[in-house]
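Taken together, the values in this text are just the output of simple stated rules run on the coordinates, not laboratory data. None of the values given here were measured: they were computed from a predicted structure. For neighbour counting, all protein chains shown are included, and Cβ atoms are generated from backbone atoms with ideal geometry for every residue, glycine included.
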Amino acid sequence: MRPVPTGKEIKIDKYTMIVSKTDERGVITYGNSNFVEVSGYKETELIGSQHNILRHPDMPKAIFYFMWESIKAGRNITAVVKNMAQNGDHYWVVTDFDIKRDQNMKVRNYIAFRQVAPKNVLSEIEPLYAKLLEIENEHGMDASIEYLEAYLEEKKMNYNQFIDNIAKPKGLANIFFSKMKDMFK
């Protein structure tokens with residue numbers, strides 16, 4: 001049974017790295033202790049579950065469409081995502097994906113590295129996602145995707161460039177984020 005959103009935000013330290021690994025179909029195969037803690041699920045409940053167990057109903061499907069299209073095509077992507085814990089509380093994260101392949105270049109798994117989304121990022125993302133969700137609920141996911149593509153075209157960038165522009169860590173934060181990701185390679 002899906003949790004009911006509470007409207008309460010989980011506070012996460014900006015230096016906390018939340019990491020999960022899925023197989024090529026999005027089934028969770030690993031989560032670090034931060035991932036387990038913030039999700040509110042037991043580790044045994046997470047392992048073997050589809051990653052969308054954390055999907056918050058405020059998230060437009062169009063964003064997940066862009067994410068999956070990117071990573072299935074072998075391109076890393078950064079996304080801003082609102083997740084929902086088991087108790088219905090939520091947390092916003094900037095998620096950077098890494099694609100791991102075997103020696104034959106077949107996808108072995110995807111690793112998602114997450115940090116709390118800064119407030120300035122949310123001030124831009126929340127209204128956009130609300131609009132996409134409204135369009136999606138009224139006219140379907142394809143209409144939401146078309147709106148997002150037009151929005152990005154107007155900005156002369158793709159989704160990844162847009163997110164990089166507003167959310168990618170810079171300076172020392174980028175160095176810290178990169179070092180944390182290196183620990184999982």
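Placing unit charges on the Cβ atoms only, positive for Lys and Arg and negative for Asp and Glu, gives region 1-102 a dipole magnitude near 200 debye about its Cα centre.
Partner aspartates and glutamates whose Cα lies under 18 Å from the Cα of residue 8, excluding those fewer than 8 positions away in the same chain, are identified as 37, 58, 89, 126.
The distance between label points at residue 34 and residue 58 comes to 2.1 nm (points 7 Å beyond Cα on the Cα→Cβ vector).
Going down the table (119/156; 11/100; 100/155; 61/106; 11/168; 61/100), which pairs top 28 Å between alpha carbons? The answer is 11/100; 100/155.
In plain terms, the C-alpha convex hull of region 1-95 casts an average shadow of 6.0 nm² when viewed from every direction. Starting from 0.36 nm per residue, how many nanometres of slack lie between residue 50 and residue 106 once their C-alpha separation is accounted for? Taking residue 50 through residue 106 to full extension adds about 18.1 nm, to one decimal.
Positive-end ranking of 95, 113, 140 along the dipole of the chain, with charges on Cβ about the Cα centre, is headed by 113. Using a ≥ b ≥ c from the Cα gyration tensor of the chain (square roots of the eigenvalues), is it rounded, prolate or oblate, where a/c under 1.5 gives rounded and otherwise the larger of a/b and b/c decides, a/b for prolate? Since a/c stays below 1.5, the shape of the chain is classed as rounded. Here the dipole of region 62-141 is about 480 debye; that uses its Cα centre as origin and unit charges on the Cβ of Lys and Arg (positive) and Asp and Glu (negative). Here the chain is assigned +1 on the Cβ of each Lys and Arg and -1 on the Cβ of each Asp and Glu. Its dipole about the Cα centre then comes out at about 740 debye. Taking θ as phi - 60° and the Karplus parameters 6.51, -1.76 and 1.60, the scalar couplings of region 22-28 work out to 10, 7, 5, 9, x, 8, 5 Hz in sequence order, x denoting glycine and proline.
Sorted ascending by nearby beta carbons within 10 Å, beginning with the fewest, 67, 157, 105 become 105, 157, 67.
Summary value for the chain: 23 percent relative contact order, contacts being C-alpha pairs under 8 angstrom separated by 6+ residues.
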